[in-house]
């Protein structure tokens with residue numbers, strides 16, 4: 001019996017995407033997965049470990065997962081270039097066994113420099129492997145902080161590659177750029193919201209903030225548009241990802257939340273600002289927007305409130321639904337909030353609290369104080385009535401989404417780890433927990 005190409009393509013696409021965690025915020029772009037599986041409660045690095053994989057180096061990126069593969073960005077600490085920058089790796093693992101399927105030295109070696117030939121260096125707290133990969137139906141895309149953008153076939157064959165700094169000008173950020181790419185409706189999207197002047201010897205004066213879309217088949221630019229802002233200095237910088245919403249693309253940064261058409265990048269609406277008069281010059285933005293019950297949540301930086309924005313159905317104009325200015329602990333400087341079971345869950349890295357918040361009125365249902373001295377900068381993930389959090393020490397906590405009670409805690413990292421930033425990926429009943437040295441697959 002012969003099957004048409006379209007049927008085979010549909011079946012292959014379904015197999016590759018069902019139960020997957022394709023984007024660093026999951027299949028729903030909100031930190032959750034709804035695949036019907038039960039997810040682990042009781043585990044640690046000795047118990048309920050299906051397999052573990054020792055990574056070639058640390059990375060803040062979150063694993064991307066499809067039905068049978070795991071994709072990781074990494075630096076290779078075993079080798080380095082003459083300027084001391086570690087090689088960049090794209091890694092594919094077998095989901096069932098954790099064995100390497102393929103590994104590619106993905107970095108081009110591109111390193112921007114000044115007119116005298118002096119190479120710019122990384123900041124001291126990041127590496128170029130911080131952005132998370134993203135999986136499509138037939139491809140996986142890796143992006144690195146030096147601008148390298150590589151699209152692979154799922155079997156590891158390079159489909160195309162580019163470097164954004166070489167193509168569009170050197171990045172202009174105080175910290176190493178680390179926004180993650182997004183695949184939506186058959187195209188690839190990236191935001192580059194940066195300063196318009198050099199900083200610490202990096203970038204170029206007059207740099208433009210822009211959004212760009214690429215053709216997944218050949219890497220050609222679908223469109224590139226400037227994103228205007230009145231923000232100044234560091235407040236122009238954003239490390240958040242593009243989040244699809246309805247038929248648009250949400251972008252947060254530069255003191256504004258905007259929505260854009262996937263077809264041409266045209267700005268559909270704009271809301272803001274959380275920085276009145278654009279007086280604050282040091283308000284870079286890290287969290288990505290999150291959508292729940294047609295409410296868009298965006299987090300202002302450095303202890304400022306979170307804002308809930310809704311779109312007027314008739315006028316198609318955004319308006320503020322509520323903010324958390326009366327709730328001191330409902331704030332997030334780095335983690336992106338979670339939307340699970342009709343509620344937002346907002347992790348405050350500054351207050352060390354997790355708050356369950358009602359979507360329409362912003363009422364706080366419960367608030368849990370998180371223990372320990374370490375920072376909480378990984379974004380929360382959730383499924384099956386459970387919320388998974390991990391701090392800089394790779395200490396994982398499992399909380400009940402109903403009560404906020406801590407149900408389990410597991411020290412997954414080394415004793416003195418203090419820089420674990422990857423979020424926990426969920427797929428087919430398994431947790432994928434990345435510490436500084438090891439990726440664990442946890443299956444209860």
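The values are calculated or read from the model by the stated rules, or taken from the named source; none is laboratory data. Given the structure is predicted, the values throughout are model-derived calculations rather than measurements. So basically every Cβ, Gly included, is an ideal-geometry build from the backbone, and we count neighbours across all protein chains shown.
Overview of results
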| quantity | calculated |
| --- | --- |
| Members of region 38-68 found to be under 23 Å from residue 401 (Cα atoms) and buried (at least 20 other Cβ atoms within 10 Å of the Cβ), listed by number | 39, 40, 43, 62 |
| Residues (in contact with a helix residue (DSSP H, G or I) (Cβ under 8 Å, 6 or more places away or on another chain) and either free of Cβ contacts under 8 Å to residues at least 40 places away in the same chain or part of a loop (DSSP other than H, G, I, E, B) (or both)) located in region 222-234 | 229, 230, 231, 232 |
| Candidate set from region 396-436 (those that are surrounded by fewer than 19 Cβ atoms within 10 Å (Cβ to Cβ) and within 16 Å of residue 44 (Cβ to Cβ)); member that is modelled with the lowest pLDDT | 415 |
| Residues located in region 272-290, provided they are crowded, with 20+ Cβ neighbours inside 10 Å and either without any contact (Cβ under 8 Å) to a residue 12 or more places away in the chain or assigned to a strand (DSSP E or B) (or both) | 285, 290 |
| Residue list for region 41-88, filter: touching a strand residue (DSSP E or B) at 6+ places or on another chain (Cβ under 6 Å), at pLDDT 95 or above, assigned to a loop (DSSP other than H, G, I, E, B) and farther than 27 Å from residue 183 by Cβ | 41, 42, 43, 44, 48 |
| Exclusive hit being in contact (Cβ under 8 Å) with a residue 12 or more places away in the chain, over 24 Å from residue 330 (Cβ atoms), in a strand (DSSP E or B) and under 19 Å from the mean Cα position of the chain (by Cα), set 249, 257 | 249 |
| Among residues of region 148-171, those that are assigned to a loop (DSSP other than H, G, I, E, B) and either surrounded by fewer than 18 Cβ atoms within 10 Å (Cβ to Cβ) or touching a residue at least 60 places away in the same chain (Cβ under 8 Å) (or both), counted | 4 |
| Selection from region 219-233 of residues that are more than 24 Å from residue 300 (Cβ to Cβ) and surrounded by fewer than 13 Cβ atoms within 10 Å (Cβ to Cβ) | 220, 221 |
| Of all residues making up region 381-395, the number that are closer than 19 Å to residue 417 by Cβ and buried (at least 24 other Cβ atoms within 10 Å of the Cβ) | 5 |
| Residue match in region 199-218 (condition: touching a strand residue (DSSP E or B) at 6+ places or on another chain (Cβ under 9 Å), surrounded by fewer than 17 Cβ atoms within 10 Å (Cβ to Cβ) and assigned to a strand (DSSP E or B)) | yes |
| Residue ranges of strands (runs of 3 or more DSSP E) in region 357-444 with at least 1 members under 29 Å from residue 94 (Cα atoms) and more than 24 Å from the chain's Cα centre (by Cα) | 406-411 |
| Residue within region 333-341 that is surrounded by fewer than 24 Cβ atoms within 10 Å (Cβ to Cβ), in contact (Cβ under 8 Å) with a residue 60 or more places away in the chain and not in a strand (DSSP E or B) present | yes |
